[in-house]
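The values are calculated or read from the model by the stated rules, or taken from the named source; none is laboratory data. Because the structure is predicted, anything quoted here is derived from the model rather than measured. Here Cβ is always computed from backbone atoms with ideal geometry, including for glycine, and neighbour counts include all displayed protein chains. Ligands, DNA and RNA are excluded from the accessible area calculation, which covers all protein heavy atoms including side chains. Shrake-Rupley method; radii C 1.70, N 1.55, O 1.52, S 1.80 Å.
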Amino acid sequence: MFDAATKPSHKPKWSFPDALKVLLGIVVLTVGINELLFRLRNWEVFGTIPHPSLLTLTLLIVQEIIFLAPLYYFVIHKNHLRAADLGFRKMRWKAVLAWVLKGFGLAFLANLGLALIMYYVPDSLPGFSRQESHIPIFGTSALDYSLALIALVGLAPVVEEVFFRGFVLQTLLGKFQPWVASILTAACFALLHFEFGSIGIIAILALILNWIFLRSRSIIPCIAFHMINNALAFLLEWLVWQGYVSL
């Protein structure tokens, strides 16, 4: 899947110490904001928010800022990066669609392989349970569903692709072979979702996204694939909650 031909011919325009500063910044912001949220919870500020989905969306935006703020300050601003440096390389829509279809083809093969393994293995595989539903943390009103779509289908794929494919993967490609960089990026992607029951499924998704980026040299098809995947997953969640589908 990953060979030397997939490695970009140039190293990222930021240094490895820059990347370490981003990591340190994320840690500091995470600790500081968690402390602030703990105090706000004690002050019962969250109880004044009319819709739980508004709180959930706000917390998700804060989470994305935790990742993007250090990235902007220590890498993008410092090195005067352009969008193309983080993977926003122009592609025709037909090429984007082709890569998305290839990605879903790989996802189908991966799911088929997992289904065969689980058929012959009597016990469920650790890390390959069904992903947790996002609907309970948003709610079930029309507003809740709308905000969930904005967060999960609009916001999260863009931020995650910029950070993990545009930044993390390209940083590791400057130090390691493509297959090593891809595995390490996938591990980070899966761990930072904090859904350990389905960590294997998330890691496979990340490997597919890494493959798309390494082959296409652009995160645009990655974002498109990620958005469609999240939209399909949320549609399935909605069908289950409405009682149209049982899993």
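List of remarks:
Let's see how each residue does on (1) farther than 27 Å from R92 by Cα; (2) surrounded by 16 or more Cβ atoms within 10 Å (Cβ to Cβ); (3) among the β-branched types (V, I, T):
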{"residue": "E160", "(1), (2), (3)": "no, yes, no"}
{"residue": "F163", "(1), (2), (3)": "no, yes, no"}
{"residue": "S182", "(1), (2), (3)": "no, yes, no"}
{"residue": "L191", "(1), (2), (3)": "yes, no, no"}
{"residue": "I202", "(1), (2), (3)": "yes, yes, yes"}
{"residue": "I219", "(1), (2), (3)": "no, yes, yes"}
{"residue": "C222", "(1), (2), (3)": "no, yes, no"}
{"residue": "F225", "(1), (2), (3)": "no, yes, no"}
{"residue": "V245", "(1), (2), (3)": "yes, no, yes"}
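- Scope the stretch 113-135; condition open to solvent by 80 Å² or more (accessible area, probe 1.4 Å) and not aliphatic (A, V, I, L, M); matching residues: Y119, Y120, P122, D123, S124, P126, R130, Q131, E132
- Residue selection: L173 satisfies the criterion of being in contact (Cβ under 8 Å) with a residue 60 or more places away in the chain, within 15 Å of L207 (Cβ to Cβ) and open to solvent by less than 20 Å² (accessible area, probe 1.4 Å).
- Among residues of the stretch 145-158, those that are of a type in the set (G, A, S) and open to solvent by less than 20 Å² (accessible area, probe 1.4 Å), counted: 3
- Meets criteria (modelled with pLDDT of 85 or more, open to solvent by less than 90 Å² (accessible area, probe 1.4 Å) and not acidic (D, E)) for V22: yes
- Complete set of residues in the stretch 67-96 that are part of a helix (DSSP H, G or I), of a type outside the set (D, E, K, R), under 16 Å from S216 (Cα atoms) and open to solvent by less than 40 Å² (accessible area, probe 1.4 Å): A84, L86, A95, V96
- Per-region count, the stretch 228-237, residues over 17 Å from V158 (Cα atoms) and open to solvent by 80 Å² or more (accessible area, probe 1.4 Å): 1
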